[in-house]
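The values are calculated or read from the model by the stated rules, or taken from the named source; none is laboratory data. Bear in mind the structure is a predicted one, so any value in this text is a computation, not a measurement. Every residue, glycine among them, receives a Cβ derived from its backbone with ideal geometry; neighbour counts consider all protein chains shown. Surface areas here come from the heavy atoms of the whole protein model, side chains and all, with no ligands, DNA or RNA. Shrake-Rupley method; radii C 1.70, N 1.55, O 1.52, S 1.80 Å.
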Amino acid sequence: MSDAIVGADGRARCGWGQSAPDYVAYHDEEWGVELHGDDALFERMTLEAFQSGLSWLIILRKRPGFRRAFAGFDPAAV
């Protein structure tokens, strides 16, 4: 991570990962983490599709609504 910035908490993150609290959580807990299971893959594919033309931050902030609309991202239910 050559462009890493060390945050106030001492953790190194990409520059974008410091720009908003939602990005900090996403960077630390999800970004670059391998996904497992149909539900997790379906969620990521769906969010990526809706992200087209929007910032990822908007999608992260609307994820609870997407989860309600897509039955918790259960492919069988959708």
Close pairs (7 angstrom Cβ cut-off, 6 or more residues apart or separate chains): under 15 Å from Leu57 (Cβ atoms) in the range 1-20, open to solvent by less than 100 Å² (accessible area, probe 1.4 Å) and in a strand (DSSP E or B) anywhere: Arg13/Ile5; Gly15/Ile5; Gln18/Ile5
For the range 21-31, how many residues are under 14 Å from Trp56 (Cα atoms) and surrounded by fewer than 16 Cβ atoms within 10 Å (Cβ to Cβ)? 5
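For Glu34, are the conditions met, namely being free of Cβ contacts under 8 Å to residues at least 60 places away in the same chain and surrounded by 13 or more Cβ atoms within 10 Å (Cβ to Cβ)?
no
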Can you find even one residue in the range 27-44 that is of a type in the set (A, V, I, L, M), out of contact with any helix residue (DSSP H, G or I) (no Cβ under 6 Å at 6 or more places or on another chain) and in a helix (DSSP H, G or I)? yes
Looking at the range 1-26 only, could you name the residues that are among the aliphatic types (A, V, I, L, M), in contact with a helix residue (DSSP H, G or I) (Cβ under 8 Å, 6 or more places away or on another chain) and assigned to a helix (DSSP H, G or I)? Val24
State all residues of the range 45-55 that are without any contact (Cβ under 8 Å) to a residue 12 or more places away in the chain and either touching a Gly at 6+ places or on another chain (Cβ under 9 Å) or in a helix (DSSP H, G or I) (or both); if no residue qualifies, say none. Met45, Glu48, Ala49, Gln51
